[in-house]
Amino acid sequence: MQTSTGRHTLTLPPWRLRHVCAVLALTCGLAAVWLHPGAVAAAAPDTPTASGIVIEVASQPASTTQFAFTHNIDGSSLFALAAGSSKSFAAVAPGQYTILQTDPAPTYDVTSITCTDGDATGTPSTADPTTRVAVVNLDADEIVTCRFVNSRRGTLVVQQANNPPTAAAFTFAATPTDAGNFTLDHGQTRAVYNVPVGDYTVTQTDGPAGWLLDKIVCDDTSSSRPSTGDVATRRAQVRIDPGETVTCTFANERPGLRLTESHAGIDLDEATGAGYGNIACYWLTLASAPDAPVRIVIQPDAEVQTSTREVVLDASNWATLNPADSAAANRVCVTPVGDDVAEHGEPVCIAGNTDVLGETGSPVQLCGDHVGEIGHTLVTTDTIYARPDLPLVHVGPNLDDDDWTVDVLLTDDDTPAVVIAESDGSSEVTEGSSGVAGYWVWLASQPTADVTVTVAPDAQVRTDRTQLRFTPSTWKTRQLVRISAVDDDIAEGEHQAQVTHTVASADGQYNDPGVAFVGNGADPRVVHVTVSDNDTAGLAVAPTELAVVEGEIALYNVRLASRAATTVTVAMTSADARLTFLPTRLVFTDADWNRAQTVTVAVADNAAFEGPIATTVQHATRSANPAFDGLTGPTVNVLVIDNDTGGVRITPTELAVSEDGGDASYAV
């Protein structure tokens, strides 16, 4: 307080009077203070001996960590306290004071501040843990205790586990600021350190196709606030307590049933009961280890019978696939039900494999004329495998649009027929290429005598075999016929060829006419072949550069670049009217297509001096062969050289005249 020189009166409440008395050594009461020029009288609020402030600090969990504070209680504004200790300030004058704990991040957070006032009737003190500030309103004869509680930050660990333990990445979104979005593969973890105490979520987004979230397990040490996982929402509710590490494992599973048919397809002959490779079985396996046994009920139709009606897969055999183990519990073998019913229809062929498991062998065609079916029903308490949309991998044909059935190719033993099946459903070859097309031929039933099938290609293609012989023991052995193109010199574009077949045998059922051919479209006796041509339609002209003097001639030759197999007419034209051609057109036949014909180019003479002039000769074709019709052909460049010169002609060049006035004349 500043005042002027002179006598002043200061009235204070009693507690202040005591302090004034003490400082100025005056009698208590109304004080008259004389101030001389330059004199200073100091007066300060009195602090009763019972007034004070206590600062306590604690940590969760308990520790001896040091925490720093600033304040305005006395002159020492900065100090540090170890967790579990306190600092007291005595003889503090009543008033308002601020205590600030400095930021303990990144390892701790101030989670609570409580200030206990000794005088319930006075002004209460306040605290805000978000700002780490306590505001102490200290009354007379009051002790205020402020307790700062620091909670140690925790650690969040997210772990990914796959069943089966193969590589598959999944994306997660976490609410801790430092976590964000991240991707984990099998066995990988993502740790987020110094996570403030609180509740958080970790959500797995949809994973790769075929993978399902099986379970979420969160491991923490708190019994009062356990973290939880909810598969339905794909979310872990994480509760971080002071100093706690919470590990949440997201277990993803790729469930599925696998049906592996021997040789990638089962074909059975009703007459012999045999299948390709002398095995007609399939194996049932799972894509991942089940949490409970999976029972598969097997339901064959009336055409086939199975070695078992039930397969049980569990943690011990879910992935077992051993063709050499004939006693394997997950192996199902199939045999035909013999009958005398003629059940054959259009042949059904599939691409099999010489390898038993259909993995590493070569392609082989498996065929039948009707199909038996084996259905399957899955029963389990494992929720992942009880799903109605359980994926199924089927190594074998799907002929009925139902992967849950095994479609068995059956060959009936009652109807004779010759079966022709093209390797890719069609045959294509290219002239001049070493590539071949192929088709298989076999008999649909066992003959009583040898059967000979004659193979007759037309002129466009050739076959590596002209006769196929089937015996009563080899009648169902597929015999391969390879087709290649005849490389001719005819430019005909893409065109069609045919291979026809006839059959003869001492067995009347296999002796033409009347023997059925099946398996090759509407005209099963004929294999239709598409031939790609390697010949190009065009004209060959030589030379293509001419120089000719007016009034003279020049020659060039023309022939066809390839055979047209029909008549081709070539007409010559030029924009220069002085050029004439002999003959006016050329005609090539199939007999002389490659024999050059000579064109005579004549240039009419004129009296004009024009100098050398460049012009061209064009060619146009007409033909019944579309490849040769409308060709323009190469152009012949012609340089016409002028035979006229510039100047003045005077005739006669000599004259005789007489001196007596006679005259003579000349022309210019």
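The values are calculated or read from the model by the stated rules, or taken from the named source; none is laboratory data. If you're wondering where the values come from, they're calculated on a predicted model, not measured in any experiment. For neighbour counting, all protein chains shown are included, and Cβ atoms are generated from backbone atoms with ideal geometry for every residue, glycine included.
Taken over the stretch 591-601, residues that are in contact with a strand residue (DSSP E or B) (Cβ under 7 Å, 6 or more places away or on another chain) and either under 15 Å from THR569 (Cβ atoms) or not in a loop (DSSP other than H, G, I, E, B) (or both) amount to 6.
Pairing each residue of the stretch 189-203 that is more than 11 Å from PHE172 (Cα to Cα) with any residue that is of a type in the set (Gly, Ala, Ser) and assigned to a strand (DSSP E or B), provided the two are 6+ apart or on different chains, yields C-beta distances under 6 Å for VAL195/GLY154; VAL197/SER151.
Do you know which residues across the stretch 573-590 are among the polar types (S, T, N, Q), part of a loop (DSSP other than H, G, I, E, B) and farther than 20 Å from SER562 by Cβ? Within the stretch 573-590, SER574, THR584 meet the criteria.
Here is a yes/no grid of residues against (1) in contact (Cβ under 8 Å) with a residue 12 or more places away in the chain; (2) on the phi < 0 side of the Ramachandran plot; (3) surrounded by fewer than 17 Cβ atoms within 10 Å (Cβ to Cβ):
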{"residue": "ASN252", "(1), (2), (3)": "yes, yes, no"}
{"residue": "ALA274", "(1), (2), (3)": "no, yes, yes"}
{"residue": "ALA292", "(1), (2), (3)": "yes, yes, yes"}
{"residue": "GLU303", "(1), (2), (3)": "yes, yes, no"}
{"residue": "SER316", "(1), (2), (3)": "no, yes, yes"}
{"residue": "THR320", "(1), (2), (3)": "yes, yes, yes"}
{"residue": "ALA324", "(1), (2), (3)": "no, yes, yes"}
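Looking for whichever is modelled with pLDDT under 85 and either surrounded by fewer than 11 Cβ atoms within 10 Å (Cβ to Cβ) or touching a strand residue (DSSP E or B) at 6+ places or on another chain (Cβ under 8 Å) (or both) here; the options are ALA614, ALA620, ALA604, ALA664. Which one fits? Working first, answer last.
Details: ALA614 fails: modelled with pLDDT under 85; ALA620 fails: modelled with pLDDT under 85; ALA604 fails: modelled with pLDDT under 85.
Just one listed residue meets the conditions, ALA664.
Can you tell me which residue within the stretch 228-264, out of those that are outside any strand (DSSP E or B) and hydrophobic (A, V, I, L, M, F, W, C), is nearest to ALA351 (Cα to Cα)? Selected residue: ALA264.
Residues in the stretch 499-508 that are surrounded by fewer than 16 Cβ atoms within 10 Å (Cβ to Cβ) and within 22 Å of VAL429 (Cβ to Cβ): THR500 alone. Selection over the stretch 326-355 of residues that are outside any strand (DSSP E or B), modelled with pLDDT of 90 or more and out of contact with any His (no Cβ under 9 Å at 6 or more places or on another chain) gives a count of 3.
Yes or no: PRO196 surrounded by fewer than 14 Cβ atoms within 10 Å (Cβ to Cβ) and either of a type outside the set (Val, Ile, Thr) or under 30 Å from SER316 (Cα atoms) (or both)? No. Within the stretch 154-193, if we keep just the residues that are β-branched (Val, Ile, Thr) and in a loop (DSSP other than H, G, I, E, B), the residue that is farthest from the chain's Cα centre (by Cα) turns out to be THR177. Of the strands (runs of 3 or more DSSP E) lying entirely inside the stretch 431-545, the ones with 2 or more residues being more than 30 Å from THR272 (Cα to Cα) are found at 451-457, 461-463, 479-485, 495-505, 526-532, 539-542.
The residues listed here are ALA105, ALA127; of these, the one that is crowded, with 17+ Cβ neighbours inside 10 Å and under 24 Å from SER59 (Cβ atoms) is ALA127. Residues in the stretch 134-156 that are more than 29 Å from ALA179 (Cα to Cα) and either not assigned by TED's automatic domain parsing to the domain that holds GLN101 or not charged (D, E, K, R) (or both): ALA134, VAL135, VAL136, ASN137, LEU138, ALA140, ILE143, VAL144, THR145, CYS146.
Take the conditions free of Cβ contacts under 8 Å to residues at least 60 places away in the same chain, part of a loop (DSSP other than H, G, I, E, B) and either of a type outside the set (Gly, Ala, Ser) or closer than 26 Å to ALA167 by Cβ (or both) and apply them to THR285. Does it pass? For THR285, the condition - free of Cβ contacts under 8 Å to residues at least 60 places away in the same chain, part of a loop (DSSP other than H, G, I, E, B) and either of a type outside the set (Gly, Ala, Ser) or closer than 26 Å to ALA167 by Cβ (or both) - is not met. Only one of the numbered conditions (1) within 30 Å of ALA386 (Cα to Cα); (2) surrounded by 19 or more Cβ atoms within 10 Å (Cβ to Cβ); (3) of a type outside the set (Gly, Ala, Ser); (4) without any contact (Cβ under 8 Å) to a residue 40 or more places away in the chain is not met by ARG132, and that is (1).
Residues in the stretch 379-398: is at least one in a strand (DSSP E or B) and modelled with pLDDT of 90 or more?
Yes: one or more hits.
Residues in the stretch 403-415 that are at pLDDT 85 or above and not aliphatic (A, V, I, L, M) were compared, and the one that is nearest to the chain's Cα centre (by Cα) is ASP403. It is to be established whether one or more residues within the stretch 458-471 are of a type in the set (Gly, Ala, Ser), closer than 30 Å to ASP533 by Cβ and surrounded by fewer than 14 Cβ atoms within 10 Å (Cβ to Cβ). Yes, that holds for at least one residue. If I filter the stretch 126-153 down to residues being of a type in the set (S, T, N, Q) and part of a loop (DSSP other than H, G, I, E, B), which single residue comes out as nearest to VAL195 (Cα to Cα)? Per the criteria, the residue is THR130. Filtering VAL568, VAL481 for residues that are at pLDDT 90 or above, within 28 Å of ARG585 (Cβ to Cβ), outside the structural domain of CYS367 (by TED's automatic domain parsing) and surrounded by 18 or more Cβ atoms within 10 Å (Cβ to Cβ) leaves a single hit, VAL568.
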